[in-house]
Amino acid sequence: MNTNASEIISNLKLDCLHFRGDRPCGPHTRSGSTCECGEYSPIHRRGVIVKLGAAGDVLRTTPLLRAVREHMPNTHITFVTHSPEMIPVEAAEAVRPTSTVLARLRLGEWSFCWNLDKDMDACVIAEIVRTEDRKGFILHKGVPYPANDAAWHKYATGVDDGYSKSNKLSYVQEIFDIVGLPFRGEEYWLNSPTPEDFGFADNLFPGDEWIGLNTGAGHRWPTRLWPEDRWIALVHLLQSNGYMPLILGGPEEKALNERLSLATGCPHSGLQSLGVFNAIIHKCRLVVTSVTQAMHLAIGARRLLVLFNNIFNPHEFELYGRGQIIQPDNACDCFYSPVCKTGRNCMSEISPQRVFQSIRESLPAGQ
């Protein structure tokens with residue numbers, strides 16, 4: 001072995017939180033030092049968090065990472081998810097559930113595994129992690145099942161509609177309870193937009209006085225969509241009262257948003273990368289939205305929120321004191337259903353005037 005290489009390898013601190021093994025670590029990149037940088041942080045435990053689900057669900061799991069940093073310092077987290085791009089590198093090592101990752105989970109030694117998804121794929125992953133400390137959900141008799149007593153509440157909300165409707169805990173509080181950490185208002189921990197993303201967003205939409213109107217609700221949930229004519233009326237109300245509305249959305253809303261823009265003269269975000277879309281969210285004073293990824297990005301950006309809800313339990317949303325929830329006056333008939341069972345279309349019962357009033361009430365006085 002080359003003498004210089006031997007000297008470098010003999011000084012490596014393999015148990016450091018920063019050490020990667022396949023590439024230079026962050027402290028080395030910044031200072032040029034190799035394991036003599038003053039940033040040595042020995043790993044005390046290695047844990048696995050499994051959260052495969054929708055990107056929004058991944059985002060609202062990130063407060064746990066802040067709590068781990070505070071209550072369990074020097075813990076290395078391997079976060080298994082279909083949306084690793086959502087997790088900052090300084091918060092956790094986010095990985096997709098590839099065959100290599102699954103082999104690593106099986107061969108490694110782990111202090112704990114927290115699986116927060118009640119679906120088959122996630123429970124199988126939790127089962128293969130080599131650890132004696134599992135919390136959340138595992139397999140039992142071939143089906144998802146609670147791994148610990150504290151997971152029973154969250155499990156019951158998924159199998160019994162009556163119990164789910166009576167729930168008074170937010171999702172964030174539920175997952176903190178599952179893993180046994182105290183919830184003290186920890187915020188989301190998301191990747192911030194890059195300067196390039198902010199610059200692109202600034203060129204498109206100068207200023208930071210925008211009222212974002214996110215028109216979508218996901219193709220799986222047509223019962224959550226607010227009618228097109230209501231959006232047009234809301235835009236006109238905002239424009240006539242001196243506000244700056246901006247229509248937001250992704251590929252599923254492209255045709256709708258183009259029609260809304262044509263009918264009102266209101267600009268729309270177009271199709272942007274996640275980073276640019278996040279930067280646009282940061283430029284909004286307030287965002288009006290259904291339960292979508294945009295909602296979670298707005299929460300992560302600590303923006304004011306006016307949230308449409310009809311088919312979900314409103315207690316599940318942690319808005320950190322910055323949001324209002326607008327629902328039909330009479331409870332929806334279609335709890336957690338993507339299809340209206342009665343033909344009622346309760347979202348149409350929410351008037352543009354009511355949404356406009358919520359916007360005005362949410363903004364600081366005089367704005």
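Summary table below
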read-out: Among residues of the stretch 307-346, those that are touching a Pro at 6+ places or on another chain (Cβ under 7 Å) and surrounded by 15 or more Cβ atoms within 10 Å (Cβ to Cβ), counted; value: 4
read-out: Residue match in the stretch 150-159 (condition: farther than 22 Å from V68 by Cα, of a type in the set (D, E, K, R) and not in a loop (DSSP other than H, G, I, E, B)); value: no
read-out: Number of the exception - N330 against (1) under 26 Å from G158 (Cα atoms); (2) touching a His at 6+ places or on another chain (Cβ under 8 Å); value: (2)
read-out: First in the stretch 98-112 and more than 23 Å from S83 (Cα to Cα), second anywhere and among the small types (G, A, S) and modelled with pLDDT under 95, Cβ under 9 Å, 6 or more apart; value: none
read-out: Which listed residue, of A147, A151, is out of contact with any His (no Cβ under 8 Å at 6 or more places or on another chain) and within 25 Å of I311 (Cβ to Cβ); value: A151
read-out: Hits in the stretch 52-91 (condition: hydroxyl-bearing (S, T, Y) and closer than 15 Å to I175 by Cα); value: T61, T62
read-out: Some residue of the stretch 250-260 being touching a residue at least 12 places away in the same chain (Cβ under 8 Å) and closer than 30 Å to Q173 by Cβ; value: yes
read-out: Test for E90: is it in a helix (DSSP H, G or I), surrounded by fewer than 18 Cβ atoms within 10 Å (Cβ to Cβ), in the same structural domain as Y145 (by TED's automatic domain parsing) and among the acidic types (D, E); value: no
read-out: Selection from the stretch 180-229 of residues that are part of a helix (DSSP H, G or I) and farther than 20 Å from A54 by Cβ; value: P195, E196, D197, F198, G199, F200, A201, D202, N203, L204, E228, D229
read-out: Residue in the stretch 108-126 that is more than 18 Å from T61 (Cβ to Cβ) and in contact with a helix residue (DSSP H, G or I) (Cβ under 6 Å, 6 or more places away or on another chain) present; value: no
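The values are calculated or read from the model by the stated rules, or taken from the named source; none is laboratory data. Values in this document were obtained by computation on a predicted structure and should not be read as measured data. In this analysis, Cβ positions are derived from the backbone assuming ideal geometry, glycine residues included, and neighbour counts consider all displayed protein chains.
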